Amino acid sequence: MIKDFLLKHYSAGQLKKFRKKYEKLLVFLVKMIPFYGNLNALSLIFGSDKNAGHNYTQHYTRHFKKYRFKRIKLFEIGVGGYDDPNEGGASLRMWKKYFPFGKIFSLDIFDKSALQENRIKIYNGSQIDTDMLSHIVAENGEFDLIIDDGSHINNHIITTFQFLFPKLKDGGIYVIEDIQTSYWKEMGGDNENFNNPGTAINFCKKLTDCLNYSEFDIEGYQPDYYDLHITEIHFYHNLVFIYKNKNTEKSNVVNC
Ligand SMILES: C[S@@+](CC[C@H](N)C(=O)[O-])C[C@H]1O[C@@H](n2cnc3c(N)ncnc32)[C@H](O)[C@@H]1O
(Lines give C-alpha, C1' and ligand atoms only; values in the text may rest on other atoms or scores of the structure.)
Protein backbone atom coordinates (compact mmCIF):
# COMPACT_ATOMS: atom_id res chain seq x y z
CA MET A 1 0.00 0.00 0.00
CA ILE A 2 2.75 2.45 1.02
CA LYS A 3 4.78 1.33 -1.99
CA ASP A 4 1.83 2.00 -4.36
CA PHE A 5 1.32 5.44 -2.83
CA LEU A 6 4.98 6.36 -3.18
CA LEU A 7 5.21 5.05 -6.76
CA LYS A 8 2.15 7.13 -7.68
CA HIS A 9 3.65 10.35 -6.38
CA TYR A 10 7.39 9.97 -6.99
CA SER A 11 9.56 8.63 -9.81
CA ALA A 12 11.74 5.54 -9.25
CA GLY A 13 14.83 7.79 -9.41
CA GLN A 14 13.47 10.13 -6.72
CA LEU A 15 12.63 7.17 -4.47
CA LYS A 16 16.12 5.73 -4.94
CA LYS A 17 17.72 9.04 -3.92
CA PHE A 18 15.36 9.29 -0.93
CA ARG A 19 16.18 5.76 0.19
CA LYS A 20 19.92 6.39 -0.10
CA LYS A 21 19.62 9.58 1.97
CA TYR A 22 17.29 8.29 4.66
CA GLU A 23 18.09 4.56 4.85
CA LYS A 24 19.93 4.87 8.17
CA LEU A 25 17.04 6.87 9.67
CA LEU A 26 14.49 4.30 8.41
CA VAL A 27 16.50 1.44 9.92
CA PHE A 28 16.69 3.33 13.20
CA LEU A 29 12.91 3.91 13.23
CA VAL A 30 12.15 0.25 12.45
CA LYS A 31 14.49 -0.80 15.27
CA MET A 32 12.48 1.34 17.66
CA ILE A 33 9.22 -0.52 16.92
CA PRO A 34 8.65 -2.99 19.74
CA PHE A 35 8.62 -6.71 18.80
CA TYR A 36 10.04 -6.16 15.31
CA GLY A 37 13.49 -7.22 16.36
CA ASN A 38 12.32 -9.91 18.73
CA LEU A 39 12.06 -13.25 16.96
CA ASN A 40 10.63 -14.98 20.04
CA ALA A 41 7.73 -12.52 20.05
CA LEU A 42 7.33 -12.51 16.24
CA SER A 43 7.14 -16.30 16.22
CA LEU A 44 4.28 -16.21 18.73
CA ILE A 45 2.52 -13.35 16.96
CA PHE A 46 2.57 -15.15 13.59
CA GLY A 47 1.82 -18.58 15.08
CA SER A 48 5.05 -20.31 14.06
CA ASP A 49 6.19 -23.25 16.20
CA LYS A 50 9.80 -22.05 15.99
CA ASN A 51 9.44 -20.64 19.52
CA ALA A 52 6.52 -22.35 21.29
CA GLY A 53 6.86 -26.02 20.35
CA HIS A 54 10.57 -25.79 19.60
CA ASN A 55 13.01 -23.39 21.20
CA TYR A 56 14.62 -22.45 17.90
CA THR A 57 14.12 -18.68 17.82
CA GLN A 58 16.72 -18.05 20.53
CA HIS A 59 19.31 -19.70 18.25
CA TYR A 60 18.02 -18.01 15.12
CA THR A 61 18.35 -14.66 16.90
CA ARG A 62 21.97 -15.33 17.73
CA HIS A 63 22.91 -16.37 14.19
CA PHE A 64 20.62 -14.20 12.03
CA LYS A 65 20.87 -10.88 13.93
CA LYS A 66 23.67 -9.54 11.78
CA TYR A 67 21.62 -9.96 8.57
CA ARG A 68 18.56 -8.15 9.90
CA PHE A 69 18.83 -4.90 7.97
CA LYS A 70 20.55 -6.36 4.93
CA ARG A 71 18.85 -7.01 1.61
CA ILE A 72 18.99 -10.76 2.17
CA LYS A 73 17.34 -13.57 0.24
CA LEU A 74 16.07 -16.29 2.57
CA PHE A 75 14.83 -19.63 1.24
CA GLU A 76 12.84 -21.83 3.64
CA ILE A 77 11.77 -25.29 2.54
CA GLY A 78 8.31 -26.11 3.95
CA VAL A 79 5.50 -23.54 4.09
CA GLY A 80 3.44 -25.43 6.69
CA GLY A 81 -0.24 -26.34 6.75
CA TYR A 82 0.39 -29.49 4.65
CA ASP A 83 -2.49 -30.25 2.20
CA ASP A 84 -4.62 -27.23 3.14
CA PRO A 85 -3.86 -24.62 0.45
CA ASN A 86 -4.80 -21.74 2.76
CA GLU A 87 -2.96 -22.91 5.88
CA GLY A 88 0.68 -22.27 6.74
CA GLY A 89 3.14 -19.50 5.98
CA ALA A 90 3.60 -18.53 9.65
CA SER A 91 7.39 -18.58 9.58
CA LEU A 92 7.51 -16.87 6.17
CA ARG A 93 5.50 -13.94 7.54
CA MET A 94 7.71 -13.93 10.65
CA TRP A 95 10.88 -13.70 8.51
CA LYS A 96 9.33 -10.99 6.37
CA LYS A 97 8.80 -8.83 9.45
CA TYR A 98 12.18 -9.67 10.96
CA PHE A 99 14.03 -8.81 7.74
CA PRO A 100 12.38 -5.56 6.61
CA PHE A 101 14.59 -5.36 3.50
CA GLY A 102 14.67 -9.11 2.84
CA LYS A 103 12.99 -11.30 0.24
CA ILE A 104 11.51 -14.58 1.41
CA PHE A 105 11.25 -17.65 -0.81
CA SER A 106 9.71 -21.01 -0.03
CA LEU A 107 8.87 -24.40 -1.52
CA ASP A 108 6.22 -26.91 -0.53
CA ILE A 109 5.10 -30.26 -1.88
CA PHE A 110 1.53 -28.88 -1.78
CA ASP A 111 0.34 -25.85 -3.73
CA LYS A 112 0.60 -22.87 -1.39
CA SER A 113 0.43 -20.13 -3.99
CA ALA A 114 -2.59 -18.58 -2.22
CA LEU A 115 -0.24 -17.55 0.61
CA GLN A 116 2.08 -15.49 -1.57
CA GLU A 117 2.31 -11.79 -0.84
CA ASN A 118 4.66 -8.91 -1.39
CA ARG A 119 8.24 -10.12 -0.59
CA ILE A 120 7.05 -13.75 -0.15
CA LYS A 121 7.32 -16.04 -3.19
CA ILE A 122 6.29 -19.67 -2.92
CA TYR A 123 7.10 -22.54 -5.28
CA ASN A 124 5.30 -25.85 -5.53
CA GLY A 125 7.41 -29.01 -5.69
CA SER A 126 9.51 -31.46 -3.76
CA GLN A 127 12.72 -30.57 -1.98
CA ILE A 128 14.43 -33.52 -3.70
CA ASP A 129 13.41 -32.41 -7.19
CA THR A 130 16.72 -30.93 -8.26
CA ASP A 131 15.21 -29.58 -11.50
CA MET A 132 12.80 -27.54 -9.40
CA LEU A 133 15.61 -26.40 -7.08
CA SER A 134 17.71 -25.40 -10.13
CA HIS A 135 14.77 -23.45 -11.51
CA ILE A 136 14.34 -21.57 -8.19
CA VAL A 137 18.04 -20.68 -8.08
CA ALA A 138 18.07 -19.68 -11.77
CA GLU A 139 15.12 -17.33 -11.16
CA ASN A 140 16.38 -15.76 -7.95
CA GLY A 141 20.14 -16.21 -7.76
CA GLU A 142 22.02 -17.59 -4.76
CA PHE A 143 20.60 -17.30 -1.26
CA ASP A 144 22.02 -15.77 1.93
CA LEU A 145 20.09 -18.01 4.28
CA ILE A 146 18.58 -21.45 3.64
CA ILE A 147 16.37 -23.33 6.11
CA ASP A 148 15.29 -26.94 5.64
CA ASP A 149 11.96 -27.33 7.47
CA GLY A 150 10.39 -29.62 4.87
CA SER A 151 9.76 -33.37 4.94
CA HIS A 152 12.44 -34.07 7.59
CA ILE A 153 13.06 -37.44 5.91
CA ASN A 154 16.74 -38.26 6.34
CA ASN A 155 17.70 -38.87 2.72
CA HIS A 156 15.70 -35.78 1.68
CA ILE A 157 17.65 -33.60 4.13
CA ILE A 158 20.95 -34.92 2.75
CA THR A 159 19.98 -34.71 -0.94
CA THR A 160 18.67 -31.16 -0.51
CA PHE A 161 21.81 -30.06 1.33
CA GLN A 162 24.08 -31.60 -1.31
CA PHE A 163 22.26 -29.68 -4.01
CA LEU A 164 21.58 -26.38 -2.24
CA PHE A 165 24.66 -25.79 -0.10
CA PRO A 166 26.73 -24.91 -3.20
CA LYS A 167 23.98 -22.41 -4.10
CA LEU A 168 24.36 -20.58 -0.79
CA LYS A 169 26.37 -17.36 -0.95
CA ASP A 170 29.75 -17.18 0.75
CA GLY A 171 29.02 -15.69 4.18
CA GLY A 172 25.63 -17.45 4.26
CA ILE A 173 24.12 -19.97 6.67
CA TYR A 174 22.33 -23.29 6.02
CA VAL A 175 19.98 -24.43 8.78
CA ILE A 176 18.49 -27.89 9.26
CA GLU A 177 15.50 -28.12 11.60
CA ASP A 178 14.06 -31.17 13.37
CA ILE A 179 17.11 -33.31 12.84
CA GLN A 180 15.85 -35.59 15.63
CA THR A 181 14.30 -37.64 12.80
CA SER A 182 17.82 -39.06 12.52
CA TYR A 183 16.74 -41.37 15.35
CA TRP A 184 13.28 -42.16 13.95
CA LYS A 185 13.12 -45.29 11.80
CA GLU A 186 9.93 -44.29 9.99
CA MET A 187 11.78 -41.19 8.69
CA GLY A 188 14.88 -43.12 7.61
CA GLY A 189 16.61 -42.64 10.97
CA ASP A 190 18.29 -45.16 13.21
CA ASN A 191 18.23 -45.52 17.00
CA GLU A 192 20.34 -48.68 17.11
CA ASN A 193 23.40 -47.85 15.05
CA PHE A 194 24.39 -44.32 16.03
CA ASN A 195 27.09 -44.37 13.33
CA ASN A 196 24.68 -45.10 10.49
CA PRO A 197 26.04 -42.93 7.63
CA GLY A 198 22.54 -42.52 6.15
CA THR A 199 21.17 -40.34 8.93
CA ALA A 200 21.12 -36.56 8.64
CA ILE A 201 22.83 -36.07 12.00
CA ASN A 202 25.72 -38.34 11.00
CA PHE A 203 26.00 -36.55 7.67
CA CYS A 204 26.39 -33.26 9.62
CA LYS A 205 28.78 -34.81 12.16
CA LYS A 206 30.97 -35.94 9.25
CA LEU A 207 31.06 -32.35 7.95
CA THR A 208 32.85 -31.31 11.14
CA ASP A 209 35.99 -33.00 9.76
CA CYS A 210 35.95 -30.47 6.90
CA LEU A 211 36.70 -27.67 9.36
CA ASN A 212 40.08 -29.27 10.06
CA TYR A 213 41.14 -30.66 6.68
CA SER A 214 44.37 -28.65 6.80
CA GLU A 215 45.41 -30.77 9.79
CA PHE A 216 44.84 -34.17 8.10
CA ASP A 217 48.51 -34.68 7.25
CA ILE A 218 47.68 -37.06 4.39
CA GLU A 219 50.12 -37.07 1.48
CA GLY A 220 48.45 -35.64 -1.64
CA TYR A 221 45.07 -35.01 0.07
CA GLN A 222 42.79 -32.96 -2.19
CA PRO A 223 40.25 -30.93 -0.18
CA ASP A 224 36.67 -31.34 -1.43
CA TYR A 225 33.95 -28.70 -1.80
CA TYR A 226 32.80 -29.01 1.80
CA ASP A 227 36.38 -28.82 3.11
CA LEU A 228 36.88 -25.59 1.23
CA HIS A 229 33.52 -23.98 2.07
CA ILE A 230 32.48 -24.86 5.63
CA THR A 231 33.78 -22.57 8.36
CA GLU A 232 31.48 -23.17 11.35
CA ILE A 233 28.93 -25.76 12.46
CA HIS A 234 26.67 -25.25 15.48
CA PHE A 235 24.63 -28.13 16.89
CA TYR A 236 21.64 -27.53 19.17
CA HIS A 237 18.75 -29.68 20.34
CA ASN A 238 17.19 -30.84 17.03
CA LEU A 239 18.80 -27.99 15.09
CA VAL A 240 22.02 -27.44 13.11
CA PHE A 241 23.54 -24.26 11.63
CA ILE A 242 26.24 -24.67 8.95
CA TYR A 243 28.23 -21.58 7.93
CA LYS A 244 29.57 -21.19 4.43
CA ASN A 245 32.68 -19.22 3.60
CA LYS A 246 36.18 -19.80 2.28
CA ASN A 247 37.89 -22.22 4.65
CA THR A 248 41.48 -21.30 3.98
CA GLU A 249 42.84 -21.43 7.52
CA LYS A 250 46.23 -23.14 7.44
CA SER A 251 47.61 -25.50 10.01
CA ASN A 252 50.33 -24.09 12.23
CA VAL A 253 52.00 -27.53 12.22
CA VAL A 254 51.19 -29.62 9.16
CA ASN A 255 53.17 -28.80 5.96
CA CYS A 256 54.93 -25.88 7.65
C1 LIG B 1 6.86 -28.38 9.50
S2 LIG B 1 5.97 -27.79 8.12
C3 LIG B 1 6.76 -26.24 7.78
C4 LIG B 1 6.45 -25.20 8.81
C5 LIG B 1 6.93 -23.82 8.47
N6 LIG B 1 8.28 -23.79 7.96
C7 LIG B 1 6.87 -22.96 9.72
O8 LIG B 1 7.87 -22.91 10.49
O9 LIG B 1 5.85 -22.31 9.92
C10 LIG B 1 6.57 -28.83 6.87
C11 LIG B 1 6.04 -28.53 5.47
O12 LIG B 1 6.86 -29.25 4.55
C13 LIG B 1 6.08 -29.70 3.47
N14 LIG B 1 6.75 -30.84 2.84
C15 LIG B 1 6.67 -32.18 3.15
N16 LIG B 1 7.41 -32.90 2.31
C17 LIG B 1 7.99 -32.04 1.45
C18 LIG B 1 8.87 -32.19 0.33
N19 LIG B 1 9.31 -33.39 -0.06
N20 LIG B 1 9.25 -31.08 -0.33
C21 LIG B 1 8.80 -29.85 0.03
N22 LIG B 1 7.96 -29.65 1.08
C23 LIG B 1 7.56 -30.72 1.77
C24 LIG B 1 4.74 -30.05 4.11
O25 LIG B 1 3.70 -30.01 3.16
C26 LIG B 1 4.61 -28.98 5.21
O27 LIG B 1 3.80 -27.92 4.76
Problem - Index of the failed condition, Pro223 passing every other in (1) assigned to a loop (DSSP other than H, G, I, E, B); (2) under 19 Å from Asp149 (Cα atoms) - result: (2)
Practice task
Go through region 67-112 and give me each residue that's hydroxyl-bearing (Ser, Thr, Tyr) and farther than 19 Å from Gln127 by Cβ.
Solution key: Tyr67, Tyr98
Exercise for the section: Within region 53-67, work out how many residues are modelled with pLDDT under 95 and open to solvent by less than 40 Å² (accessible area, probe 1.4 Å). Expected result: 1
Practice task
Output yes when any residue across region 147-157 is open to solvent by less than 40 Å² (accessible area, probe 1.4 Å) and without any contact (Cβ under 8 Å) to a residue 24 or more places away in the chain, and no when none is.
Solution key: no
Practice task
For residues that are within 17 Å of the chain's Cα centre (by Cα), away from the ligand (no atom under 16 Å from the Cβ) and in a loop (DSSP other than H, G, I, E, B), tally how many sit in region 34-88.
Solution key: 5
Exercise for the section: Would you please name the residue that is farthest from Tyr183 (Cα to Cα), looking only at residues in region 110-154 that are charged (D, E, K, R) and in a helix (DSSP H, G or I)? Expected result: Glu139
Handout entry: All positions within region 89-118 that are open to solvent by 20 Å² or more (accessible area, probe 1.4 Å), farther than 30 Å from Glu23 by Cβ and within 11 Å of the ligand (Cβ to nearest atom)
Key = Ile109, Phe110, Asp111
Problem - The one condition in (1) surrounded by fewer than 19 Cβ atoms within 10 Å (Cβ to Cβ); (2) without any contact (Cβ under 8 Å) to a residue 24 or more places away in the chain; (3) touching a helix residue (DSSP H, G or I) at 6+ places or on another chain (Cβ under 8 Å) that Asn245 fails to fulfil - result: (2)
Problem - Hey, Ser182 outside the structural domain of Asp108 (by TED's automatic domain parsing) and in contact with a helix residue (DSSP H, G or I) (Cβ under 7 Å, 6 or more places away or on another chain) or not - result: no
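The values are calculated or read from the model by the stated rules, or taken from the named source; none is laboratory data. Here the structure is a predicted model, which means the values were calculated and not measured. All Cβ positions, even for glycine, are placed from backbone atoms using ideal geometry, and neighbour counts span all protein chains on display. Accessible surface is based on the protein model in full, side chains and every heavy atom, while ligands, DNA and RNA are left aside. Shrake-Rupley method; radii C 1.70, N 1.55, O 1.52, S 1.80 Å.
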